[in-house]
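Structure first, then comments.
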Amino acid sequence: MKKARLVTELFLYISFFKIETMFKKVLKYAISSLFAVMVIIQFIARPEKVAEPIDPSKDMLAVLSVTGEMNTLFQTACYDCHSNQPEYPWYSNIAPLSWWIDDHMEHGKEELNFSEWGSYSKKRRDHKLEEIVEETEAGKMPLPSYRRVH
């Protein structure tokens, strides 16, 4: 009876050792593969970093004569995604984060572009100002993901 128990325990120990060794090999292979993929994607479809020329007379801060603390607040919290002059963070060079950031910036400029404020109709400007207040009060802007890393 004791021999059978010892044989069973030995068998379980060897089986566990084999599974553990196999798991380590699979984990090592997976980590190596992930690292290789991360290196390769750095060279694929890199988003272009664009700082388009701006017409200062169309910029929201100039049109509305925003100065001081509010000017700084808009520039630091909004202009990266909602203007033609974004400040790219260091991690915007790392794929896949670069793809995600590029998508956010493109969508942000499509929705509201402070660099083009002067070309908006009065009705559209008024509506955008209302949306800015609503989105900010609701905590939707700046995006929570943006607030976490800034």
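The values are calculated or read from the model by the stated rules, or taken from the named source; none is laboratory data. Note that this is a predicted model, so its numbers are computed, not measured. As a convention, Cβ positions derive from the backbone with ideal geometry for all residues, glycine included, and neighbour counts pool all protein chains shown.
Restricting attention to the stretch 13-65, report how many residues are in a loop (DSSP other than H, G, I, E, B) and within 25 Å of Trp90 (Cα to Cα). Even if it seems obvious, please write down each step before you answer.
Going through the stretch 13-65, the residues in a loop (DSSP other than H, G, I, E, B) turn out to be 42-55, 59, 64-65.
Applying the additional criterion that residues be within 25 Å of Trp90 (Cα to Cα) yields 42-54.
Residues that pass the stated criteria total 13.
Could you tell me whether Glu110 is under 16 Å from Val50 (Cβ atoms) and modelled with pLDDT of 90 or more? Walk me through it before giving the result.
Values: under 16 Å from Val50 (Cβ atoms): yes; modelled with pLDDT of 90 or more: yes.
Judged against the criteria, Glu110 is a match.
Looking at the stretch 66-95, which of the residues that are of a type in the set (A, V, I, L, M, F, W, C) and not in a loop (DSSP other than H, G, I, E, B) is surrounded by the most Cβ atoms within 10 Å (Cβ to Cβ)? Before the answer, list the steps.
Of the residues in the stretch 66-95, the ones of a type in the set (A, V, I, L, M, F, W, C) are 66, 70, 73-74, 77-78, 81, 90, 94-95.
Going one step further and asking which of them are not in a loop (DSSP other than H, G, I, E, B), we end up with 70, 73-74, 77, 90.
Numbers: Met70: 11, Leu73: 11, Phe74: 18, Ala77: 16, Trp90: 6.
Top of the filtered list is Phe74.
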